[in-house]
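Here's the structure we're looking at; comments come further down.
The values are calculated or read from the model by the stated rules, or taken from the named source; none is laboratory data. Predicted model, so just to flag it, every value in this text is computed and none were measured. No Cβ is skipped: glycine too gets one built from the backbone with ideal geometry, and neighbour counts run over all protein chains shown.
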């Protein structure tokens, strides 16, 4: 039996907390990031001043805009490391108990970012996107659901 996917994207969606724009911060290497989007967008750059500008962005939308700018060159290995960095950010975000409970409550249903614009991280408007964010969230869910090694 195929299970109905859970779509998330906007603040009005029941599972908006799964979005990288949701207001759940994380700490990485002693630095606090307001959202996964802030963290992720900053990782594209080696310039510490620009990374800090992204970290201090007023919100995730501004962080994304700064991260999509090519006025500052992105790191040369970005395509090779972006999924690993996204998974790291998601693992840090889902250390929060309330978010773990939410993610685990999705059972084994497929998770899909319903972004009509992003065909790599999201499912795209027509569902033909790669939905990498959804797949990485499923990986995090699987790790959380696994019995702790004794």
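Hey, can you tell me all the residues within the stretch 103-128 that are surrounded by fewer than 16 Cβ atoms within 10 Å (Cβ to Cβ) and either on the phi < 0 side of the Ramachandran plot or within 13 Å of the chain's Cα centre (by Cα) (or both)? Working first, answer last.
Of the residues in the stretch 103-128, the ones surrounded by fewer than 16 Cβ atoms within 10 Å (Cβ to Cβ) are 104-105, 107-109, 116-117, 120, 125-128.
104, 105, 108, 109, 116, 117, 120, 125, 126, 128 - these are the residues of the stretch 103-128 that are surrounded by fewer than 16 Cβ atoms within 10 Å (Cβ to Cβ) and either on the phi < 0 side of the Ramachandran plot or within 13 Å of the chain's Cα centre (by Cα) (or both).
Filter the stretch 6-15 down to residues that are touching a strand residue (DSSP E or B) at 6+ places or on another chain (Cβ under 7 Å) and either under 10 Å from residue 134 (Cα atoms) or free of Cβ contacts under 8 Å to residues at least 12 places away in the same chain (or both), then give me how many there are.
Final tally of qualifying residues: 3.
Within the stretch 28-60, how many residues turn out to be over 23 Å from residue 87 (Cβ atoms) and under 17 Å from the mean Cα position of the chain (by Cα)?
Adding up the residues that qualify gives 1.
Identify the single condition in (1) surrounded by fewer than 16 Cβ atoms within 10 Å (Cβ to Cβ); (2) in contact (Cβ under 8 Å) with a residue 12 or more places away in the chain; (3) closer than 19 Å to residue 144 by Cβ that residue 31 does not satisfy, given that it satisfies every other one.
The one condition residue 31 does not meet is (3).
Of all the residues that make up the stretch 34-46, how many are without any contact (Cβ under 8 Å) to a residue 40 or more places away in the chain, closer than 22 Å to residue 79 by Cα and surrounded by 13 or more Cβ atoms within 10 Å (Cβ to Cβ)?
Result for the stretch 34-46: 7.
Looking only at the stretch 109-133, how many residues end up being under 11 Å from residue 5 (Cβ atoms) and touching a residue at least 40 places away in the same chain (Cβ under 8 Å)?
Final tally of qualifying residues: 7.
Give the residues of the stretch 70-91 that are under 21 Å from residue 31 (Cβ atoms) and either touching a residue at least 60 places away in the same chain (Cβ under 8 Å) or surrounded by fewer than 15 Cβ atoms within 10 Å (Cβ to Cβ) (or both), sorted by residue number.
Once the filter is applied, which keeps residues that are under 21 Å from residue 31 (Cβ atoms) and either touching a residue at least 60 places away in the same chain (Cβ under 8 Å) or surrounded by fewer than 15 Cβ atoms within 10 Å (Cβ to Cβ) (or both), the stretch 70-91 yields 75, 77, 78, 81, 84, 88, 89.
Of the residues 16, 50, which is out of contact with any helix residue (DSSP H, G or I) (no Cβ under 9 Å at 6 or more places or on another chain) and on the phi < 0 side of the Ramachandran plot?
On the way: 50 fails: out of contact with any helix residue (DSSP H, G or I) (no Cβ under 9 Å at 6 or more places or on another chain).
One residue alone meets the criteria, 16.
So residue 142 passes all but one of these: (1) farther than 22 Å from residue 25 by Cβ; (2) crowded, with 16+ Cβ neighbours inside 10 Å; (3) at pLDDT 95 or above. Which condition number does it fail?
With respect to (1) farther than 22 Å from residue 25 by Cβ; (2) crowded, with 16+ Cβ neighbours inside 10 Å; (3) at pLDDT 95 or above, residue 142 is out only on (2).
Take the stretch 92-102 and flag every residue that is part of a helix (DSSP H, G or I) and either at positive phi or surrounded by 15 or more Cβ atoms within 10 Å (Cβ to Cβ) (or both).
Across the stretch 92-102, the qualifying residues are 92, 93, 99, 100, 102.
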